[in-house]
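Participant: Handing you this structure, nothing more for now.
Just so you know, all these numbers are worked out from the coordinates, no wet-lab data involved. None of these values were measured; they are calculated from a predicted model. All Cβ positions, glycine included, derive from the backbone under ideal geometry; neighbour counts span all protein chains shown.
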Amino acid sequence: MCEYWTLIVPTKSPAETMAECWLVVVPLGNDFYARLDCITFNRWWLCLACCLVHFCCGSIYTFSILADNLDVYFYGQVTKKCIRVWLTAYLCMGVSAALVGPALERRGPRTGLAYGTALVFLGHLLSQFAVIHRHYGLLMVGYGICVGLGFGVILIASISTIQKWFPDMRGLTSGVCVLFFGIGSGIFIKMATLMLDQPIGAIHIMAKGVGVEYFFLRIGLFLVVVLSLCTLVLRTPPASYTVNGRDIHNVPTQRAPNQSLIQDEYLNVGMTFVNYTVVQHELQGTEGYYFQQVKAMSLLQCIASTDFICLYVAFAANVTPILVLLPEIRRIATDILLLTTDEQVFSFFLYSFVGNLIGRLVSPLISDILVHIFYLNPAYARKIVFVALLCLQLIVLALLPYNIGNSKTFQWLASTLTSASGGGLAIMPSFITDMFGVYNSGTMYGIIWTSFSLGAVISSFLLSQFVFTVEGLSNQLHWMLILVAVGTFAMLFVRTNSIDRFFFGYQFTLFSKVIVQVPFQLSETDSDEIDLSTITPTPKLNDLSPNQFQDFMLWDAETDGKASGLP
């Protein structure tokens with residue numbers, strides 16, 4: 001088990017590197033790759049492919065529209081039994097996303113996407129047979145298990161790959177991918193309502209059980225074609241890949257150590273998160289000096305870190321409004337706000353949906369602006385935006401109970417709430433990558449995605465027993481407010497500066513003042529084996545302000561000698 005969670009990043013063969021200069025590549029085994037020598041590869045083609053993968057993943061939401069109709073088709077009445085298939089699919093999606101990360105790093109995104117596509121298509125075929133033979137168990141295996149597992153695999157394969165190709169625009173590109181997930185869900189839901197003859201904004205909806213006969217076959221064929229084309233495009237960057245003077249770790253190439261040293265000394269022994277710290281100019285002269293300023297973490301160390309645990313809690317709080325409010329938009333419009341026309345109900349749904357999409361695009365873009373315009377630490381910039389979104393949710397959740405009687409104000413507040421929640425969802429992939437490194441980003445994002453899957457299951461169970469009254473909605477908003485407050489508090493303990501994160505023990509700094517410091521003690525044997533010491537870079541002589549102590553470095557005093565200016 002520990003061996004599986006220890007990532008060994010493989011190197012590419014010369015044949016693979018040469019073949020991947022072209023857009024369409026098909027591995028045929030024995031280090032042979034068929035290719036079409038007509039269109040050269042460009043990372044923007046890969047960005048489009050990853051967006052289409054997320055678009056296809058959004059189709060999982062259609063089952064929530066389909067469930068009652070399947071009940072009527074199977075049993076003659078709405079039994080709420082088929083909704084369990086959708087919840088199972090969400091659980092399987094979260095489980096596969098959490099577990100598949102290390103395998104994807106070893107085998108590559110192309111292999112992962114191929115297996116995921118096969119699972120998705122197999123699941124839709126089994127679901128089609130289940131509808132033909134009216135077999136609930138086959139539907140559970142097909143859609144609940146196969147489709148759920150497949151979507152989890154392709155979701156992580158795409159999001160981890162795009163982070164490697166766009167170190168200069170991580171927020172924007174991952175945000176666009178998550179945006180396409182939302183667009184896909186909206187378009188597939190619209191397609192489902194047309195096939196089932198159930199308008200989205202209808203006040204009264206009656207499940208008829210018609211239109212489901214060939215639903216899974218049509219959707220499955222569309223998905224397998226799109227995903228198969230995307231499989232031909234996805235690949236990881238070569239070792240020499242740079243963009244705008246930076247490598248995949250977002251380290252300036254002129255200051256990065258030789259890639260072969262990174263591969264041999266770190267990646268080949270399972271150390272996949274390498275942090276290159278900024279140090280004073282006189283220590284940047286040689287690769288030997290710079291390479292001593294490296295702190296590496298394994299995947300298991302990243303998972304067990306307190307920063308990730310707090311981030312998990314905060315992310316779960318952030319996505320709660322999406323999981324709770326969006327599924328019950330129609331009931332809120334008709335039973336609470338007392339909207340009387342289909343147009344009013346559809347408008348309420350549309351405002352909330354569009355607000356969610358805008359948040360998914362704008363929030364990651366703002367974090368990139370903070371990084372590139374104001375030169376903030378990327379992880380710190382993502383944290384600022386994420387905390388701001390949580391604070392915005394706190395304000396809106398506090399105002400909503402007092403505006404239930406005002407449908408227009410409630411509509412705008414609900415749209416703002418879903419926008420902030422969607423923004424937090426979209427910023428998380430780049431936040432995870434900047435915190436834990438590109439090689440760990442897929443696994444870490446997959447694990448944190450389990451909070452979204454579990455939240456969907458729990459919220460669906462609770463909403464099935466929820467009584468739609470003004471008092472009930474007020475209580476629901478009150479509990480969401482408490483949960484988001486807990487998430488905001490947890491974000492205070494997500495450390496983004498290297499002095500705290502790589503302190504040998506636990507250290508927490510607030511406003512440049514050390515609040516908590518719990519050092520770990522090395523045994524005498526470990527001290528003899530480890531000849532590296534952690535020191536703070538010396539500030540310039542004319543500036544001894546405590547604010548200058550912003551970073552750390554690792555120094556081998558025996559091989560590199562004594563640095564000038566150090567005691």
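Participant: Give a residue-ordered list of calculated ³J(HN,Hα) values for the stretch 16-22 (Karplus: 6.51 cos²θ - 1.76 cosθ + 1.60, θ = phi - 60°; whole Hz; x for Gly, Pro).
Facilitator: Rounded to whole hertz, the list is 5, 4, 5, 5, 7, 6, 10.
Participant: When a footprinting reagent is the concern and you count Cβ atoms within 10 Å, what order do LYS80, LYS164 take, fewest first?
Facilitator: Neighbour counts put them in this order, fewest first: LYS80, LYS164.
Participant: Determine the dipole magnitude for the stretch 1-160: charges of +1 sit on the beta-carbon of Lys and Arg, -1 on that of Asp and Glu, nothing else is charged, the reference point is the Cα centre, and the result goes in debye to the nearest 20.
Facilitator: Roughly 300 debye for the stretch 1-160.
Participant: Still on this structure: Considering only the other residues whose Cβ falls under 11 Å of the Cβ of GLU16, what net charge follows from Lys and Arg at +1 and Asp and Glu at -1?
Facilitator: +2
Participant: Using θ = phi - 60° and the Karplus curve 6.51 cos²θ - 1.76 cosθ + 1.60, what whole-Hz ³J(HN,Hα) does each residue of the stretch 41-54 get, with Gly and Pro shown as x?
Facilitator: Per-residue couplings from phi come out as 6, 9, 5, 6, 5, 5, 4, 4, 4, 5, 5, 5, 4, 5 Hz.
Participant: Moving to a separate point now. What whole-number distance in Å separates the alpha-carbon centres of the stretch 304-373 and the stretch 425-454?
Facilitator: 18 Å
Participant: Then there's this: Hey, what do the phi angles of the stretch 330-343 turn into as Karplus ³J(HN,Hα) couplings, whole Hz, using 6.51/-1.76/1.60 and θ = phi - 60°, x for Gly and Pro?
Facilitator: 5, 5, 5, 5, 8, 8, 9, 7, 6, 6, 10, 10, 4, 5
Participant: Continuing with this model, one more query. Given a Förster distance of 25 angstrom, what is the FRET efficiency for PHE508 paired with LEU399, based on the Cβ-Cβ distance and rounded to 0.05?
Facilitator: It comes out at approximately 0.15.
Participant: Place +1 on the Cβ of every Lys and Arg and -1 on the Cβ of every Asp and Glu in the stretch 304-496, take the dipole about the Cα centre, and give the residue among LEU325, VAL396, LEU339 whose Cα lies farthest towards its positive end.
Facilitator: Value: VAL396.
Participant: Here's something else I'd like to know. Counting other C-beta atoms within 10 Å, which of HIS133, HIS124 has the fewest, and how do the rest follow?
Facilitator: Ranking HIS133, HIS124 by Cβ neighbours within 10 Å, fewest first, gives HIS133, HIS124.
Participant: Would you mind ranking SER59, SER127 by Cβ crowding within 10 Å, fewest neighbours first?
Facilitator: In increasing order of surrounding Cβ atoms, one gets SER59, SER127.
Participant: Using a simple spin-label model with points 7 Å from Cα along the Cα→Cβ vector, what separation in nm is obtained for PHE489 and ILE384?
Facilitator: That separation, rounded to one decimal, is 2.6 nm.
Participant: Would you mind counting up the charge near GLY209? Only other residues with Cβ under 14 Å from its Cβ, with Lys and Arg at +1 and Asp and Glu at -1.
Facilitator: Residues near GLY209 contribute -1 overall.
Participant: Quick one: which of LYS383/LYS513; LYS80/LYS408; LYS190/LYS408; LYS80/LYS208; LYS208/LYS408 span more than 22 angstrom between C-alpha atoms?
Facilitator: Over 22 Å apart, Cα to Cα: LYS80/LYS408; LYS190/LYS408; LYS208/LYS408.
Participant: Okay, next question. Please state the charge dipole magnitude for the stretch 304-496, taken about the Cα centre, from unit charges on C-beta atoms (+1 on K and R, -1 on D and E), reported in debye and rounded to the nearest 20.
Facilitator: Roughly 240 debye for the stretch 304-496.
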